[in-house]
Amino acid sequence: EVQLVESGGGLVQAGGSLRLSCAASGFTFDDYAIAWFRQAPGKEREGIGCIHSTDGSTYYVDSVKGRFTISLDNAKNTVYLQMNNLKPEDTAVYYCALRPRPLLLQLWIYFEFTSWGQGTQVTVSS
């Protein structure tokens, strides 16, 4: 079975930086997309961005472009979310999710992701 484990969350002041990790295991295929999502208390889950394992191409929602960067380490099957210039509205539980053999990566926000991590809390103080 596929397992995704997020780590790296914590408390940070506004304007600070944080790097989250998503360690993936339990599969042998090398073609997949991993996306980051977040959910604040009382709000709907929202997508952040994703990365494709085959070529490293990335996609982001407009609200985080220029502040957040997704990268991957293929040898470790680990995806990272580097978050800079954090704002209080970034406070949420952050999740990673996996989609095997994705097509049309520009439409990633509409994918049905088959595996999800347990989430890691990010709190940004003002």
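The values are calculated or read from the model by the stated rules, or taken from the named source; none is laboratory data. Just so it is clear, the structure is predicted and the values come from calculations on it, not from any experiment. As a convention, Cβ positions derive from the backbone with ideal geometry for all residues, glycine included, and neighbour counts pool all protein chains shown. Keep in mind that these areas ignore ligands, DNA and RNA; they rest on the heavy atoms of the full protein, side chains included. Shrake-Rupley method; radii C 1.70, N 1.55, O 1.52, S 1.80 Å.
Could you grab me the full set of residues in segment 76-112 that are part of a loop (DSSP other than H, G, I, E, B), farther than 15 Å from T54 by Cβ and without any contact (Cβ under 8 Å) to a residue 40 or more places away in the chain? Within segment 76-112, just E112 meets the criteria.
Scanning segment 68-124 for residues that are crowded, with 17+ Cβ neighbours inside 10 Å and β-branched (V, I, T) yields T69, I70, T78, V79, T91, V93, T120, V122, V124. None of L98, L11, L4 is modelled with pLDDT of 95 or more and farther than 19 Å from F111 by Cβ except L11. Scanning segment 45-53 for residues that are among the hydrophobic types (A, V, I, L, M, F, W, C) and either surrounded by fewer than 15 Cβ atoms within 10 Å (Cβ to Cβ) or farther than 23 Å from V122 by Cα (or both) turns up nothing. Taking the conditions (1) within 20 Å of V122 (Cβ to Cβ); (2) over 11 Å from the mean Cα position of the chain (by Cα) in turn, S57 satisfies each one other than (1). When you check Q3 against the structure, is it closer than 13 Å to W116 by Cβ and open to solvent by 50 Å² or more (accessible area, probe 1.4 Å), yes or no? Criteria met by Q3.
With respect to the conditions (1) modelled with pLDDT under 95; (2) polar (S, T, N, Q); (3) at positive phi, N85 falls short on a single one, namely (1). Among the residues of segment 13-24, those that are part of a strand (DSSP E or B) and either in contact with a Phe, Trp or Tyr (Cβ under 8 Å, 6 or more places away or on another chain) or open to solvent by less than 50 Å² (accessible area, probe 1.4 Å) (or both) comprise L18, R19, L20, S21, C22, A23, A24. Checked against (1) under 12 Å from the mean Cα position of the chain (by Cα); (2) closer than 16 Å to L18 by Cβ, A97 meets all criteria but (2).
Could you say whether any residue in segment 27-43 is aromatic (F, W, Y), loosely packed, with under 13 Cβ neighbours inside 10 Å and in contact (Cβ under 8 Å) with a residue 40 or more places away in the chain? Within segment 27-43, one or more residues are aromatic (F, W, Y), loosely packed, with under 13 Cβ neighbours inside 10 Å and in contact (Cβ under 8 Å) with a residue 40 or more places away in the chain.
For segment 64-73, the condition of being touching a residue at least 40 places away in the same chain (Cβ under 8 Å) and of a type in the set (K, R) holds for none of the residues.
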